[in-house]
Amino acid sequence: DTGVSQDPRHKITKRGQNVTFRCDPISEHNRLYWYRQTLGQGPEFLTYFQNEAQLEKSRLLSDRFSAERPKGSFSTLEIQRTEQGDSAMYLCASSPPGQVTDTQYFGPGTRLTVL
Amino acid sequence: LAKTTQPISMDSYEGQEVNITCSHNNIATNDYITWYQQFPSQGPRFIIQGYKTKVTNEVASLFIPADRKSSTLSLPRVSLSDTAVYYCLVGEGTGNQFYFGTGTSLTVIP
């Protein structure tokens, strides 16, 4: 069990550029979450997948944001036309099937800086 | 979606027991209470989860009174490595039911 991995760990981009982040959940975890965290705040939920189905999306997820999990394994989060306000840590978490409640295992995050 | 209220920060000396209380007045019948720990530049890490009364594991205890409107995370004999932000979450468990809030920043002093 290697844990949740995220790539890249850091990304610096210029305003207006598109960026894509990848998350590899723990093997056999069917639930996958994306969060955004800014300095001094707790993680804010963005979206949630169960297998390949995107079941929940936060209103924080504007039209510039899109997430996919095409084969029910890894997931990507794309931000189009980045803005300075998108600068944050983007966290991915996964949880296994069969739980009554959700214990989420978080990755190390991707820190995005938009110049 | 039940929100939580925690102290913004706490200080403790090494070796002391630390109790962090969380208020969740609007907790629903199906909601569980979960605590996470987060170190700088890392993702949160699950500590403990409970529904009522007391839960204990190898790192912490969770006390939940009968009305479930609050909970207390107890860390026995803290060390410097316990310096972190601690989040109390209340929710049914899946999807967007988790609200992290701003957490409690615990600083352990030598």
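The values are calculated or read from the model by the stated rules, or taken from the named source; none is laboratory data. All of these numbers come straight from a predicted model, not from anything done at the bench. Methodologically, a virtual Cβ is constructed for each residue, glycine included, from the backbone with ideal geometry; neighbour enumeration extends over all protein chains shown.
Things to note:
- Annotation note: Cβ proximity below 9 Å between a residue of region B:52-67 that is more than 14 Å from B:TRP35 (Cα to Cα) and a residue that is among the polar types (S, T, N, Q) (sequence gap 6+ or interchain) occurs for B:PRO65/B:THR53; B:PRO65/B:SER71; B:PRO65/B:THR72; B:ALA66/B:THR53.
- Some residue of region B:84-102 being of a type in the set (A, V, I, L, M), within 27 Å of A:ARG59 (Cα to Cα) and at the interface with chain A (Cβ under 10 Å from one of its Cβ atoms): yes
- Qualifying positions in region B:66-106 - part of a loop (DSSP other than H, G, I, E, B), modelled with pLDDT under 95 and in contact with a Gly (Cβ under 8 Å, 6 or more places away or on another chain): B:ARG77, B:PHE98, B:TYR99, B:PHE100, B:GLY101, B:THR102, B:GLY103
- Hey, B:THR21 in contact with a Leu (Cβ under 9 Å, 6 or more places away or on another chain), within 11 Å of another protein chain (Cβ to nearest Cβ) and either touching a residue at least 12 places away in the same chain (Cβ under 8 Å) or surrounded by 14 or more Cβ atoms within 10 Å (Cβ to Cβ) (or both) or not: no
- Close pairs from region A:1-23: first among the hydroxyl-bearing types (Ser, Thr, Tyr), partner exposed (fewer than 13 other Cβ atoms within 10 Å of the Cβ), Cβ under 8 Å, at least 6 apart: A:THR13/A:LEU115
- Enumeration of residues in region A:64-115 that are of a type in the set (Asp, Glu) and within 19 Å of B:ILE47 (Cα to Cα): A:ASP102
- Every residue from region B:32-47 that is assigned to a loop (DSSP other than H, G, I, E, B) and more than 9 Å from chain A (Cβ to nearest Cβ): B:PHE39, B:PRO40
- The residues listed here are A:ARG69, A:ARG59, A:ARG31, A:ARG36; of these, the one that is of a type outside the set (Phe, Trp, Tyr) and under 15 Å from A:GLY109 (Cβ atoms) is A:ARG36.
- Elements of the type strands (runs of 3 or more DSSP E) sitting completely within region A:23-115 and holding at least 3 residues that are away from every other protein chain (no Cβ under 14 Å): these cover A:65-68, A:75-79.
- The one condition in (1) under 30 Å from B:SER9 (Cα atoms); (2) surrounded by fewer than 14 Cβ atoms within 10 Å (Cβ to Cβ) that A:SER87 fails to fulfil: (2)
- Hits in region B:56-110 (condition: touching a helix residue (DSSP H, G or I) at 6+ places or on another chain (Cβ under 9 Å) and within 30 Å of A:GLU52 (Cβ to Cβ)): B:LEU89, B:VAL90, B:GLY91
- Here region B:48-65 is the region considered, the condition is being in a strand (DSSP E or B) and of a type in the set (Gly, Ala, Ser), and the residue that is nearest to the other protein chains (Cβ to nearest Cβ) is B:GLY50.
- Residues that are closer than 30 Å to B:LEU106 by Cβ and surrounded by 18 or more Cβ atoms within 10 Å (Cβ to Cβ), drawn from region A:12-28: A:PHE21, A:CYS23, A:PRO25
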